[in-house]
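Below you'll find the structure, written out as structure tokens, and then a few comments.
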Number of protein chains: 2
Amino acid sequence: MNLIILEPSEVGDAGDVSLLGTRAAHLLNVLKVAPGHRVRVGIIDGPSGVGTVQSLSDAAVALRCAFEVSVPPRPRVDLLLALPRPKVMRRLWAQIAALGVGQIILTNAERVERNYFDAHVLAPERYRPLLVEGLQQARDTRLPNVSIHRQLKVLVEDALDGLFQSGLRLVADPVATRPVSVVVPKSLEERVLLAVGPEGGWNTFEIDLFGAHGFQSVGMGPRPLRTDTACIALLALVHDSMSSRHSLMAKPIV
Amino acid sequence: MNLIILEPSEVGDAGDVSLLGTRAAHLLNVLKVAPGHRVRVGIIDGPSGVGTVQSLSDAAVALRCAFEVSVPPRPRVDLLLALPRPKVMRRLWAQIAALGVGQIILTNAERVERNYFDAHVLAPERYRPLLVEGLQQARDTRLPNVSIHRQLKVLVEDALDGLFQSGLRLVADPVATRPVSVVVPKSLEERVLLAVGPEGGWNTFEIDLFGAHGFQSVGMGPRPLRTDTACIALLALVHDSMSSRHSLMAKPIV
């Protein structure tokens, strides 16, 4: 937990926050804070800042927080993902949020089993804490938007222009030869939408549908990867391609 | 399972193989093979090839295999990894093997808990099937070598020159500003050794130790990632940097 994420409703007028549960336990048992110690905090979809420990007990920590003026920008990558099986999706939420995406668009595809959509892991009360876990890992406050679509054709033809209004559209295709680093221009200022298929890949109809709606195919070489591995690898490659023109100048926030 | 991996001892003189268990079940229930069908096969650390289904029963499949003359090259990336907790390591074996590494060097570090080394997941009979699972996913036959080191200093000072004789040495450091794509030259023909630290990172002594032994620091930007996410992301970035000069010419094996 590299950042303590707060709900807007938890923060009082003077920046006072009273923590219980997991976050308090982390401060008490892992960071072993004492009054006067300062910790990184952030409000969901709001600014980050610094919380100063005011007092603590066995299970509670009181902080007084000061927040930055500006809110961090939403990550410029969006993910369109053919829904993997529930066990894999449960593991992916936090990792996707940590890598940084503006939104997660989950969809059906021929090779997605229908009953995956009945899984508990698609209930907001189940996945939201996992997304927050990813934000706390990566020190971000911008919670990815999530939308769930049971028909790929309806999503791509009718809904997608509303969800992703402009930018570069990529579809991962194991038989494509052009890597992300060739397709994503170094000077790109636009958003990128990355579509990652199910185990076994998109079928021909689906690849053609993406192609007809402005998606360019990208590949990762001759080694077929599991969906979850491919998803993490491709998000890393897209972020790297988009940011590499800044790489020698940017200072990380330590 | 994109390739059926065979042990050398399973293959008869004429290329005859009799499969039972998981591999037979995959051929029967997922690929739904019939006599005459051809499937991809490969011998561990040997050539890949094609197996033609000779006969099948409820639980067994007989193949006659023809192998290529040459053995695929060992992946040119090696991984040095501070041992993560057992649950995370268990999930990583197959993903690391699928991404492609020549060897996996597991080590202690200050922020690694000692009892991680007692875990069953470090017994070859437990991790070897997971590595094979990764090879079957990625259509590779080259099983990564694995070595386990309980003292980082002894590993780096005494053992490492034997394990990794020449090539580019990288250490992932969250505070480093140079990304993989800047540090790995496009025309690199050498091997790359990538060192990935524990949750919480390497300590200052450890970073200095790596620096004194020829490692260059690489970073992934301002978002700290979990070890497993970072490991997958960094292996993808290293492979991409090493291969990108071929990217427009290389044809994937479909």
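What follows is calculated from the coordinates using simple rules that are stated; it is not laboratory data. Because the structure is a prediction, the values reported are computed rather than measured. Backbone-built Cβ (ideal geometry, glycine too); neighbour counts: all protein chains shown.
Between the C-alpha center of segment B:114-159 and that of segment A:207-230 there is a gap of 30 Å.
Over all other residues within a Cβ to Cβ distance under 14 Å of residue A:21, the charged ones net out to -3, with Lys and Arg as +1 and Asp and Glu as -1.
Take the Cβ-Cβ distance between residue A:70 and residue B:175 as r, set R0 to 22 Å, and report the resulting FRET efficiency rounded to the nearest 0.05. Please list the in-between numbers first.
Numbers: r = 23 Å, r/R0 = 1.05.
Rounded to the nearest 0.05, the efficiency is 0.45.
Dipole of segment A:77-246 computed with +1 at Lys/Arg Cβ and -1 at Asp/Glu Cβ about the Cα centre; of A:188, A:236, A:203, farthest Cα towards the positive end is A:236.
About its Cα centre, what dipole magnitude does the protein assembly as shown give when the only charges are +1 on Lys and Arg Cβ and -1 on Asp and Glu Cβ, stated in debye to the nearest 20? Don't skip to the answer; put the middle values down first.
On the way: 54 positive and 50 negative charges, 39 e Å.
With Lys and Arg at +1 and Asp and Glu at -1, about 180 debye.
Remark: label point of residue A:21 defined 7 Å out from Cα along the Cα-Cβ vector; separations to the same position in other copies 4.5 nm, ascending.
Placing a label point 7 Å from Cα along the Cα-to-Cβ axis, residue A:157 is separated from the same position in the other copies by 6.9 nm, shortest listed first. Distance from the C-alpha centroid of segment A:49-112 to that of segment A:1-41: 17 Å, rounded to the whole angstrom. Based on the reciprocal of the average 1/r between different C-alpha atoms, the Kirkwood radius for the protein assembly as shown equals 24.4 Å.
Going by a ≥ b ≥ c, the root eigenvalues of the Cα gyration tensor, does segment B:77-246 fall in the rounded group (a/c under 1.5), the prolate group (a/b larger than b/c) or the oblate group? Rounded shape, in that the Cα axes give a/c under 1.5.
Evaluate the charge dipole of segment B:88-197 about its Cα centre and quote only its size in Debye, nearest 20, assuming +1 on the Cβ of each Lys and Arg and -1 on the Cβ of each Asp and Glu.
Numbers: 14 positive and 12 negative charges, 55 e Å.
Dipole of segment B:88-197, to the nearest 20 debye: 260 debye.
State which stretch of chain B is the longest one without any exposed trypsin sites (Lys or Arg not before Pro), exposure meaning a DSSP loop state and at most 11 other Cβ atoms within 10 Å. The answer is B:33-185.
Net length available on complete extension from residue A:203 to residue A:45 is 53.2 nm, with 0.36 nm assigned per residue and the Cα-Cα distance removed. Label point of residue B:182 (7 Å along Cα→beta-carbon): distances to the other copies' equivalent points are 2.5 nm, sorted ascending.
With +1 on each Lys and Arg Cβ and -1 on each Asp and Glu Cβ, and nothing else charged, work out how big the dipole of chain B is about its Cα centre, in Debye to the nearest 20.
Values: 27 positive and 25 negative charges, 149 e Å.
It works out to roughly 720 debye.
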